[in-house]
Amino acid sequence: MASIRNPRDFVAGAIFIAIGIATIALGSRYTLGTAARMGPGYFPRILGILLIVLGGILALRALRVRGAPLPPFHWRPLVIVLGSVVLFGAIVQKVGVALATVILIVTASAASREFRPRESLVVGVALAALAVGVFVVGLQLQLPIWPGQP
């Protein structure tokens, strides 16, 4: 049996293969169609196949080329970023898009060791203005901009 010489590439390849299989499985409910008349399941299946092929290439490459070992996994940033997204979804209807976006950006930024509250707040305000412009004004989504709006 061949040994894994590049664990990073091997893990990346395995993740690509798993996502490709999941994409094909989830997209199998939709009709495939043909290349000339693509159905809604055509793109997910092609994307899944490409991910499986790319993952296979990476995994096979990991058996030949030496690489660095896997770094230790850090749970804190993952939990903070995912938690901030869940918090955004929970509060956006009550506090509005603008304030919820600022809270999301500042909270997610806290996951970094180089967290600077003032810079995060400035970026959060800029992204909140962009979010309001794109989603509420441009796409006309029925979301409140500020707290207390219907």
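A short reminder: the numbers here are calculations on the coordinates, not readings from a lab. Bear in mind the structure is a predicted one, so any value in this text is a computation, not a measurement. Here the Cβ is made from the backbone with ideal geometry for all residues, glycine too, and neighbour counts use every protein chain on show.
Laid out as a table, the results:
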{"quantity": "Gaussian network model of the chain, springs between alpha carbon atoms under 10 Å - residue of 39, 83, 56 with greatest fluctuation", "calculated": "39"}
{"quantity": "Furthest towards positive pole of dipole, 89, 142, 13, structure part the chain, Cβ charges", "calculated": "13"}
{"quantity": "Label corresponding to percent of Cα pairs over 22 Å apart when calculated from the structure given, among (1) 35; (2) 46; (3) 64", "calculated": "(3)"}
{"quantity": "Kirkwood hydrodynamic radius of the stretch 7-62, Cα pairs, Å", "calculated": "11.4"}
{"quantity": "Estimated FRET transfer efficiency when R0 is 25 angstrom, pair residue 35-residue 60 (beta carbons, to 0.05)", "calculated": "0.30"}
{"quantity": "Gain in span if fully extended, residue 19 to residue 145, counting 0.36 nm per residue against the direct Cα distance", "calculated": "41.8 nm"}
{"quantity": "Residue 46 paired with residue 110, simple spin-label distance in nm, labels 7 Å along Cα-to-beta-carbon", "calculated": "4.4"}
{"quantity": "Local net charge near residue 39, Cβ-Cβ under 13 Å (Lys/Arg +1, Asp/Glu -1)", "calculated": "+3"}
{"quantity": "Sites residue 123 and residue 73 - FRET efficiency at Förster radius 22 Å, r taken between beta-carbons, to 0.05", "calculated": "0.25"}
{"quantity": "Ordering of 60-69, 118-127, 104-113 by burial proxy (mean other Cβ atoms within 10 Å per residue, highest first)", "calculated": "104-113, 118-127, 60-69"}
{"quantity": "Using distinct alpha-carbon pairs, which all enter the 1/r mean, Kirkwood radius of the stretch 18-96 in Å", "calculated": "16.3"}
